[in-house]
Structure formats: C-alpha cells, structure tokens
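Below is one structure; the comments refer to it alone.
The values are calculated or read from the model by the stated rules, or taken from the named source; none is laboratory data. From a predicted model like this one, the values you see are computed outputs, not experimental measurements. Reconstructed Cβ throughout: ideal geometry from the backbone, glycine too, with neighbour counts over all protein chains shown. These area figures cover heavy atoms from the full protein model, side chains too; ligands, DNA and RNA do not enter into them. Shrake-Rupley method; radii C 1.70, N 1.55, O 1.52, S 1.80 Å.
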Amino acid sequence: MTILRNFMRIANSFRPVQRIDNIFFLSWRTFSSHGTFDYDLAVIGGGSGGLACAKEAVNHGARVAVLDYVTPSPQGTKWGLGGTCVNVGCIPKKLMHQAALLGESIHEAISYGWEVPSPDAIKINWSALTEAVQNHIKSVNWVTRVDLRDKKIEYINGLGEFKDPHTLVATLKNGTKRELTARNIVIAVGGRPHYPDIPGALEYCISSDDIFSLGHPPGKTLVVGAGYIGLECAGFLNSLGFSATVLVRSVPLRGFDQQMALMVTNEMEERGVAFHHKCIPLSVEKLESGQLKARWQNTETGEQAEDVFDTVLMATGRYALTKALNLPAAGVTAVTGSGKIAAQTEQTDVAHVYAVGDVLEGRPELTPVAIHAGRLLARRLFADGLQHMDYENVATTVFTPLEYGCVGLSEEAALDRYGEESIEVYHAFYKPTEFFIPQRNIRNCYLKAVAERGGAQRVLGLHFVGPVAGEVIQGFAAAIKCGLTMEQLMNTVGIHPTVAEEFTRLNITKRSGKDPNPASCCS
C-alpha cells in the first residue's frame, strides 16, 4: 500500500495536457528530477519583456509568478506595474512629443486659414499635461494588474533576488520576505538611468524617471547627454516652450547613422535648442534662488563654462539592475562589466535561468524586442517552440521634433562590414506637401537606402528623417526582413502625396555626385 500511495502521489503531480488517438500525453509541469516547485516559471521584473513572457507561458499551461518592485529614483519618483516603457519611457515620451507637435500645429493652422486669436499667448499648461499623462499611465497600470489576475499569474510586489538556483526571495514593501521556487526563472529587470559621478548630480538633478511626472514646469533646462533619450527630452521641452541646452560628450545618437544624426541635431538647433559639443559636466550647485548652477568642460580645449538653469536632466546612459539579484547564488557568472548578462539565445550559463530585454548584453534596448523575445522564449520552454529571436534588422525611431526612423545597417556599419566598393548609397532630400503652405524648413528632410552594389542590390539599411518617421519605417522593416532589393523598391508604386513614397523614388547615388534635391513635386 505504501508503494502504491507513493506511486499515486507522483502520478498526480503530472497533468494530462491533451488526448490524441486515445494516447495521453503528460505535461512538463511541476515534476522534474529536481523535485516539485511552486511555479513552472518565475519572472523577475514586471516590464514589457517579462510580462510578455509570463502571459505567453500561461497560455501554454504554465503556473507563473511575476516579481516586480520599483526602487524610487534619487528624487523619490516611483511608479506602478508595467516597467520603463509604460511608466517612464516610450508611452509618456510619445505623449509629450505629441503635445509638442500639437502646439506647433496650432501656429501652422493660421497659414491654412484658421483664425487663432492671440497666437502669441498660446502656451502649455505643464500641470495639465503631466496630469493627463499620469492618468493614462495609471489606467495602464490598473489594466495590467487586472490582466495578470484574469490570467491567474501571481503578481508579487517585491524586490526579488536569488537564494539558490531555483529559489527566489522577495522583499515586500513592508520589509517581510517571501520565498518561492520555480523550475525556470527569467531575469527581466531592465535598467535605470546612470548618474555621472560629479558633485550635485544625485542631490539636484532629475532623469527620464522624473520628467514625465515633474510637479512644476521644468523651465530653462540643461540636458546632459545626446543619446536618443536626451535628444527626445530636449526636443519636446523646447517645443513646449522651455529653453533647452544639450551637453554632447562625444557624438549625438552614438550607434546611429551619423549623417542622419546630424540632420536631427541641425533641425533642433534651427528650432532653438543649444548644443555644447565635446563637453562633460563637472558639477551642479543649488543656489539660494533654488536654481541650479551647472559647470562643464570642453574635453578638447579644456575650457570650462557655467550657466544657471531651473532643471538639470541627466541622460548619460542606463545601467542594468543585476547587482541586487545575487546572481552568484544562482550560479550565473556570464555578467559583463556593465552589469549586463551575456546570453546568446536568452539562456544564461545556468540552463534553467534566462534573460530578456534591456538586461542582455549587445541587444537593442527596445520594448518590442523584449516583448518578442519573451514570447518566443515562453514558446520554447512550454510549447516545444523552436524559433529564436532575430536581433538583426530591428526598426526603431527617435522621436525628436523632426523624427528619425531607421532599420538595418547605418552607412558607417555597412562600409565597415562590406567595404566601400561593395556598397551603394541612394539618397534624396524631399519636400513634405504639408510643409509648403506654412513654409516650414525642409533642409533636413532627407532619406537614404544603403544597399549592396552588385546584382539586384539587396537593401541593407533604410534611414528617414521627417514627419511620422516611425509610421513610415515600420512597413519597410517588414520588406527588409523579406530581402528587399533596390530593384523591387524602385518598381514599387508610391502612394501620393505621402512622405513614405519618397523611398520608391530613390534613384540618385552618392557615388554619382548628382544633386539629390527634388526638382518637382509630381513628375
């Protein structure tokens, strides 16, 4: 009887998944050579990648827990479930970008015949803007929690760390600790803004963690850093009517095509954003007036300068939140100097521990990348999936005042990989129809295709600076995935009049030396 009871106990730990032709298939769930676990999957981090992985796993019958906790920023800002994108990243950034575009459109409407009383008096109500943005974010937080509950994913609002390879300890808000075990564990903790090691940075400066809920108008703002976060913030602040200055340490939009980056910053300068190139911050001091005196130095000349600002926003990169995870307890050792995890196929050097999203070394720090990788990982773990994430040819857009969208290789990367004689670059300036009547600046409306020089000329990269760049580049990203060639692109009939059709009109190469400026609109 004892043997029978033990057999039944083990057998009951299996769950029949489906019956096909009178054969029962036993699932992978719960029982393994390691014994039983509380969960089939535990996800550390409730951002886009972690949540996508958790939801997909549940769809395939897994028991899942998600651990998420937000440590307040140095200025005390905190937020709810959903990660960086929802709370302090893509979503609020796009909403503030849209607010800036709408303000510009009001003034342009006058040229189209709209009667706008006192256009000089038009200004943004910062409190109303941030309240609207935060209300939307809170609604998303709520929907996310409800979604987890409906899918029977256990949400644990605690800071997770490893106790051993299969055990996690969650420190809850009240300081109590909870242990849980899982057969598989996914690290999806993302990252947080980096602060330079200078006097006053942590005490007085804000970051992208704070700007979207800032309780007062930012006023005259210094943005330290010229990556996409710094330029996007400087762009919408300037368009909303707040003076913006940017300190550029090396080059703007490092890692992006530098010709396109120059178009972006040229446009911003022409709109009033000030740039100080080859400069690093030295200190930030709070004055009796409450304003901030910032000092910086030119790294080439050694010359120092200073100015007084109402707000100093640090955008000097991000770091992965891996130190608090106690990774050695799990046996995970493939961690780089930046704190990121090296995992070629999301699997770490511990077989059952995985990582997705911004925490991965050498992968695009983009929300859709984390989501797709998380879903594919869950399918491989729980649905016999075989597909791995393809990190090549991932499209993205920088939401500066004149947007920059791209997919594939930059011109520099293509030349470095294939050599100048093997690359052909098609390019053109263009005139958006909607720019004509208000006589908007078109000097920086530019696009190019980087292609192989031989054969049908496979397209290696597409780059576009102009309005709605994200909407333009998304469709072409699918074409690039399908092996788009210049021959196919040139034989595609464009939709007229749109800015996207300009890609189908490309016919001038840089090598030819011909003028890439358009001669006419409709011929």
Long pairs among LYS55/LYS163; LYS55/LYS220; LYS340/LYS481; LYS93/LYS514; LYS55/LYS173, criterion Cα-Cα beyond 32 Å: LYS55/LYS220; LYS93/LYS514
Rounded to the nearest 10 degrees, the helix 48-59 long axis (Cα) sits at an angle to the longest Cα principal axis of the chain of 40
In Å², nearest 10: area of GLU487 left accessible to a 1.4 Å probe: 110
³J(HN,Hα) across region 416-422 via Karplus (A = 6.51, B = -1.76, C = 1.60, θ = phi - 60°), whole Hz, x for Gly/Pro? 5, 7, 10, x, 4, 6, 9
Could you calculate the contour length gain from GLU487 to GLU269, that is, 0.36 nm times the residue separation minus the distance between their Cα atoms, to one decimal place in nm? 74.8 nm
What residues have an amide H closer than 5 Å to that of ASN184, excluding those fewer than 5 places away on the same chain, when H is modeled at 1.01 Å from N in the peptide plane? LEU41, ALA42
Computing the accessible area with a 1.4 Å probe over protein heavy atoms, can you report the carbon and sulfur percentage for the chain? 53
Label-point gap, in nm, between THR336 and GLU203 - each point 7 angstrom along Cα→Cβ: 3.4
Taking only Cα atoms, what is the 0 to 90° angle, nearest 10, from helix 126-150's long axis to the longest principal axis of the chain? 30
Principal-axis tilt of helix 367-382 within the chain, Cα atoms, nearest 10 degrees: 20
With all protein chains present, calculate the accessible area of SER338 using a 1.4 Å probe and round the result to the nearest 10 Å². 70
Rank these by accessible area, largest first, 1.4 Å probe: TRP79, TRP296. TRP79, TRP296
Any idea how far the Cα center of region 133-161 sits from the one of region 64-89, in Å? 10
Roughly what % antiparallel, to the nearest 5, for the DSSP beta bridges in the chain? 65
Can you compute 3J(HN,Hα) from phi for each residue in region 291-302, using the Karplus curve 6.51 cos²θ - 1.76 cosθ + 1.60 with θ = phi - 60°, rounded to whole Hz and x for Gly and Pro? 6, 10, 9, 9, 10, 9, 9, 7, 6, 8, 9, x
Per residue, accessible area of the chain with a 1.4 Å probe, heavy atoms of protein chains only, in Å², comes to 48
Could you give the length gained on full extension between GLU285 and THR176, defined as 0.36 nm per residue of separation minus the Cα-Cα distance, in nm? 35.4 nm
Residue-wise HN-Hα coupling along region 248-256, computed from phi with Karplus coefficients 6.51, -1.76, 1.60 (Hz; x: Gly, Pro): 10, 6, 10, 9, x, 6, 4, x, 9
